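Take a look at the structure set out below.
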Amino acid sequence: MKSTLLCNFNGKAGTAMKSFIIGGAGFVGDYLIRYLQAEGQKVAVTKMPGETIDIPDADVYDLNILDKNGIVDLLEQVRPDYVYHLAAQSSVAVSWKNPQLTIDVNIKGSVNVLEAIRGLSHKPRTLLIGSGEEYGPIRPEETPVTEENAIRPGNIYAATKACQNMFGRIYAQAFGLEVMMVRAFNHIGPNQDSLFVVADFCRQTAEIEAGLKEPVIKVGNLSVARDFTDVRDVVRAYDLLIRKGETGETYNIGSGRAIVIEDILNMILSKSKTKIQVEKDPSRFRPVDVPTIEADTRKVYEVTGWVPKIPLEQTIQETLDYWRRKI
């Protein structure tokens, strides 16, 4: 479908920098919009029809990421300095259940964005958001994993993001686009959908505390270790990279420390107001699960000086409190 203008983008040339966020109705988009606004930028953002973005002074547009002409129309109208491509099907679990949707959004949608930018006379700097899942099974001697490590995607979501990364590098090299790619490891925080593990545990805990379910928390594989970073640190890294990153390069964004999921669960349970039992649920196990994923973040630090600032325990406490309020 064609893009539908919901608000006028009225930034003036020579004033604030303009950022255009594609797919800003999700968890990360909300934080990124607010962060960029706080930094003094004008922000235009797209969403899917039916989604809601209710942030003052953000110019909001409807856009179907599979409609290349709609992307072109908006880019020509907004003429941004920076483009953040956040639109994605980002759940590993959903990718197993709906591979076609994941391929359409994550690969075809990304190529549409790159093609639209390639046709512009004014070419913005662009950040493509990938995932630490792209590395797949990481060998012990490869941990923490660097950007130069071989990628061995172990699930459909990871494969689509690896493909997006390759297209980004090709468009940078072949067509001179100022495109940077990130491999973002697990990012967490208040307002995240409970499809994701930390939010899921916090939601279940809040429901139990409120008496809405029996005092049993259902879990999947607790033995894997993942690299968790607060979403507010992540969006700060995105802003630094789109301004300072090198064209065609990929950057890991993570804490640099893998935490076993069972330890995350125990941290949440220690904050609970109710005694809770743990029960394994076979439906929550993935067909393939990588034992340990941990980022080497030296490259992003060398280019931007970025390091995460918000402690994991603070993020978990604030996420649990968010779900308590929501429940």
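Assorted remarks:
- Taking the criterion of being more than 11 Å from the chain's Cα centre (by Cα) and crowded, with 23+ Cβ neighbours inside 10 Å, the residues of the stretch 14-23 that qualify are Ser19, Phe20, Ile21, Ile22.
- Here Val105, Val94 are screened, and the one residue that is part of a helix (DSSP H, G or I), at pLDDT below 95, open to solvent by 10 Å² or more (accessible area, probe 1.4 Å) and at negative phi is Val94.
- Which numbered condition Tyr301 misses (of (1) of a type in the set (Ser, Thr, Tyr); (2) open to solvent by 80 Å² or more (accessible area, probe 1.4 Å); (3) touching a residue at least 40 places away in the same chain (Cβ under 8 Å)): (3)
- For the stretch 74-88, a residue qualifies if it is of a type outside the set (Ser, Thr, Tyr) and under 17 Å from Met181 (Cα atoms), and the qualifying residues are Asp81, Val83, His85, Leu86, Ala87, Ala88.
- Residues satisfying the stated conditions in the stretch 132-157, i.e. crowded, with 20+ Cβ neighbours inside 10 Å and not in a loop (DSSP other than H, G, I, E, B): Gly132, Glu133, Glu134, Tyr135, Val145, Ile156, Tyr157
- Count of the stretch 39-59 residues which are more than 19 Å from Val113 (Cα to Cα), within 20 Å of the chain's Cα centre (by Cα) and not charged (D, E, K, R): 4
- The stretch 168-197, subset in contact (Cβ under 8 Å) with a residue 60 or more places away in the chain and aromatic (Phe, Trp, Tyr), residue nearest to Ile327 (Cα to Cα): Phe196
- The number of residues in the stretch 72-91 that are open to solvent by 40 Å² or more (accessible area, probe 1.4 Å), over 30 Å from Asp200 (Cβ atoms), outside any helix (DSSP H, G or I) and not charged (D, E, K, R) comes to 0.
- Selection status of Leu114, within 19 Å of the chain's Cα centre (by Cα), part of a helix (DSSP H, G or I) and either of a type in the set (D, E, K, R) or within 22 Å of Phe185 (Cα to Cα) (or both): no
- Given (1) open to solvent by less than 40 Å² (accessible area, probe 1.4 Å); (2) part of a strand (DSSP E or B), number of the condition Val278 does not satisfy: (1)
- The residue of the stretch 24-71 that is farthest from Ile129 (Cα to Cα), among those that are hydroxyl-bearing (Ser, Thr, Tyr) and either open to solvent by 10 Å² or more (accessible area, probe 1.4 Å) or at pLDDT below 95 (or both), is Thr52.
- Thr274 falls short on exactly one of the conditions (1) farther than 27 Å from Glu141 by Cα; (2) in contact with a strand residue (DSSP E or B) (Cβ under 6 Å, 6 or more places away or on another chain); (3) among the hydroxyl-bearing types (Ser, Thr, Tyr), and that condition is (2).
- Residue check for Leu120: part of a loop (DSSP other than H, G, I, E, B) and free of Cβ contacts under 8 Å to residues at least 60 places away in the same chain: yes
- Selection of the stretch 212-271 for residues being part of a helix (DSSP H, G or I) and open to solvent by 60 Å² or more (accessible area, probe 1.4 Å) yields Arg232, Arg243, Lys244, Glu262, Asp263, Asn266, Ser270.
- Selection count where residues are within 18 Å of the chain's Cα centre (by Cα), modelled with pLDDT of 95 or more, farther than 14 Å from Val92 by Cβ and assigned to a loop (DSSP other than H, G, I, E, B), scope the stretch 158-209: 4
- In the stretch 256-290, the qualifying residues are those that are among the basic types (Lys, Arg) and touching a Phe, Trp or Tyr at 6+ places or on another chain (Cβ under 9 Å), and the one that is modelled with the highest pLDDT is Arg257.
The values are calculated or read from the model by the stated rules, or taken from the named source; none is laboratory data. Keep in mind it's a predicted model, so treat the numbers as computed, not measured. FYI the Cβ positions are ideal-geometry reconstructions off the backbone, even for glycines, and counts take in every protein chain you see. Ligands, DNA and RNA are excluded from the accessible area calculation, which covers all protein heavy atoms including side chains. Shrake-Rupley method; radii C 1.70, N 1.55, O 1.52, S 1.80 Å.
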